[in-house]
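Read-outs throughout are calculated quantities, based only on the coordinates presented, and are distinct from any laboratory measurement. From a predicted model like this one, the values you see are computed outputs, not experimental measurements. So basically every Cβ, Gly included, is an ideal-geometry build from the backbone, and we count neighbours across all protein chains shown.
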Amino acid sequence: MFNARSTLCGLLAGCLLALSCPAGDWPQWRGPSRDGHASPPITLPARLPAELKPVWQIAVGGGFSSPVVSGSTLVYLDEQEGQEVAHRVNTANGQEQWHTPMTAAFGDEWGKGPRSTPILDGDRVYAQACNGEFRCLNLADGKVVWEAGFERTFGVKFLGSKANEGTASRRGNNGCGVIDDQRLILPAGGTNDHSLVCLDKATGKLLWHAGQDEAAYSSLLVSTLAGTRQVIAFTAEALMGVELERGTILWRVPLKTGAKRHAATPVLRGDDIFVNSQTIGLVCLRIKQAGGQWTATTVWANKSHRINISTPVLAGDHLYSQGSSRDLICVEAATGQLKWSQTGFGRDEKDYSALIAADGKLLVLSNNGVLTMLKQQATGYEELGRVQACGTTWSHPALAGQKLYVRDGRSLSCYDLGR
């Protein structure tokens, strides 16, 4: 049966790669390089204050989508009067500059609202609704530049929240696409050779499509592995690498869970890829290529680290993540060995924390809305303050400069950590 926690996978929706943006921006899921690291240089306080007072706070609608920031612009998605809506606000005061309804809102027992994080890229905003409707918007005025739909454009059937259908059908299309140069690759999740679709980001023209896998909740990455630039997809069925020019599948490793609920985004370290789920635990795979033959071999697998929803942050030689239950863990990347664990993060069975690495520290926002700061070290857990930042949340925060933007189901707040 589909575990209730997998509903929360929408928060793990993201985008990728280091887009061209000024230092201090947070233009996509998990930051400028899609790895949970803030753009340097950035200086965090020695400790968190006993109380956080927002620079500004605005009311927002439902959804698990995360805010994105570039310069004086912040974009977020939410649900308003039965529609999934994109909003642009000013980072100085939270004042809205435009809002654009995209499509009818998808909802389930966890509520309505978008679960995929938009992408800010130059003068465009790329936004995805739960039902697979996709919009390229003009950043200046919010007008639609081009649009597509996973079902109406690519033939990928959306079946609402039927319990026995594919993952995207149960909880909406949550995983976010990735921009690489002029390409936009999306996890459409079609078993009709449209698992991934690659579009011209300027026009929406289809460049290639590939794969037979349903989409999970994970987001795409682009990187160079074993000397070849490729898009990396953690689908409902497998982990795979796809060549960017023509969409040729280079390698594929079957990885399945009972509910096809892969939620976390892969983490990269050279030619190694770290993936996790409640079923497989935490796994490290190494990608190699010799004589045109691709291999993906398991370096280590630790099933005791049943990280269900959270995506780890790689800092130095160690992975930091919400573990199972309410534990935060530090794991040696080379071996999978647990270095330390600390309880007291999140609430009940809905274990989730979003982590940001900056200035030798980690900011941890748990789903109970508590923000914790700790030292980035493998020698032991050392806390540098803990404070209530928002209500219950499964949305990843954004850190742009010293401003932290935090969103729950009712409000979006801006905190200045430099004050």
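Toward the positive end of the charge dipole of the chain, with +1 on the Cβ of Lys and Arg and -1 on the Cβ of Asp and Glu, the farthest Cα among Phe274, Ala202, Ser325 is that of Ser325.
Sorting Tyr352, Tyr381 by the number of Cβ atoms found within 10 Å of their own Cβ, with the fewest placed first, yields Tyr381, Tyr352.
Ordered by the count of other Cβ atoms within 10 Å of each Cβ, fewest first, Asp416, Asp408, Asp213 give Asp416, Asp408, Asp213.
For Lys201, the lysines whose Cα comes closer than 19 Å to its Cα, not counting residues fewer than 8 places off in the same chain, are Lys143. Going from the fewest other Cβ atoms within 10 Å to the most, the residues Arg152, Arg306 appear in the order Arg152, Arg306.
Peptide packing: for 199-207, 33-41, the average count of neighbouring Cβ atoms within 10 Å per residue gives the ranking 33-41, 199-207, highest mean first. Dividing the helix sum by the residues of the chain, where each DSSP H run of 4 or more adds -39500 (n - 2.57), gives a mean residue ellipticity at 222 nm of -500 deg cm²/dmol.
Each of Val364, Thr297, Ala400 was placed along the dipole of the range 258-408 (beta-carbon charges, centred on the mean Cα), and the one lying farthest toward the positive end is Thr297. Legend: distances between Cα atoms for Lys260/Lys288; Lys112/Lys256; Lys53/Lys361; Lys303/Lys361; Lys112/Lys403; Lys112/Lys288; pairs beyond 31 Å are Lys112/Lys288. Ranked by the mean number of other Cβ atoms within 10 Å of their residues, highest first, the peptides 291-298, 367-374 fall in the order 367-374, 291-298. Placing unit charges on the Cβ atoms only, positive for Lys and Arg and negative for Asp and Glu, gives the chain a dipole magnitude near 500 debye about its Cα centre. Normalising the average separation of contacting C-alpha pairs (under 8 angstrom, six or more residues apart) by the number of residues puts the relative contact order of the range 4-416 at 17 percent.
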